[in-house]
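Shown next, in structure tokens, is the structure this report addresses.
The values are calculated or read from the model by the stated rules, or taken from the named source; none is laboratory data. Every value quoted in this text rests on a predicted model; they were computed, and no experiment measured them. As a convention, Cβ positions derive from the backbone with ideal geometry for all residues, glycine included, and neighbour counts pool all protein chains shown. Surface accessibility is based on the protein's heavy atoms, side chains included, excluding ligands, DNA and RNA. Shrake-Rupley method; radii C 1.70, N 1.55, O 1.52, S 1.80 Å.
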Amino acid sequence: FGCEETHKLTFEPVAIESPRCAECPSVTIEIPEALDNSAVAKAINTALREEIIYHLKFDEGKDVATIEEAVASFTEGFHQIQQKFGGESAPWEAKIQGRVVYEDEHIITLSLNAYTFTGGAHGYGSTIFLNFDKAKGIELNPYQFFNDVEEFEEFAEAKFREQEKIPQEGNINQT
């Protein structure tokens, strides 16, 4: 056991929460932070930070460089809407969770589940997968996993039609 070499990166859980108050939106972030001093660890942490900023940034005109600044932007946006509508808007919420879902000696994949509610009929949820080449220390484009993207898209469409009981030759939007 002592000679067994591991190819796993080291992560530490990071939890960030907005202040709890009646006039504040609820923001909860739980992500892994890569601790290794490697190019791939830096790429992972940068990609996670950029995705979180994307989900929380309210004012497109302002530069936001950190997760804390993104939480502040989200909170500021909530307060602007509250002022504009006299405190009549629904409470905002953002919940972002990340985790490592796959790792071998070549590739590591993280999923990032995000849910935001900024008023309206329903919130917005998404799941994205971030893939990284451990040797090159870079984020991979999902299409890099396919030899023939067109062939894969045809396969996926056929499976979708089968699952949703849409005839192969019919308009995909008919149901």
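Here is how the numbers come out for the structure above:
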read-out	value
The chain: antiparallel DSSP beta bridges as a percent of all, rounded to 5	85 percent
Cleavage-rule hits, chymotrypsin sites (Phe, Trp or Tyr not before Pro), the stretch 49-151, DSSP coil, Cβ neighbours within 10 Å at most 12	Phe85, Phe146
Top of Glu154, Glu30, Glu60 by mean-square fluctuation, Gaussian network on the chain, Cα under 10 Å	Glu154
Given charges at beta-carbon only (K, R positive; D, E negative), |dipole| of the stretch 1-81 in Debye	40 debye
Under-17-angstrom lysine pairs by C-alpha in the chain, whenever the two are 8 or more apart or on separate chains	6
Unit charges on C-beta of K, R, D, E only; dipole of the chain, Debye	540 debye
Estimated dipole of the stretch 132-171 in Debye, rounded to 20 [Cβ of Lys and Arg +1, of Asp and Glu -1, Cα centre]	260 debye
Solvent-accessible area, 1.4 Å probe, carbon plus sulfur percent, for the chain	51 percent
Structure-derived Kirkwood radius over Cα pairs in Å: which label, when the choices are (i) 16.7; (ii) 19.0; (iii) 17.8	(ii)
Area accessible to solvent at His122, 1.4 Å probe radius, in Å²	140 Å²
222 nm mean residue ellipticity, helices alone, for the chain (DSSP H n ≥ 4; -39,500 (n - 2.57); rounded to 500)	-10000 deg cm²/dmol
The chain, relative contact order in percent, only Cα pairs under 8 angstrom and at least six apart counted	18 percent
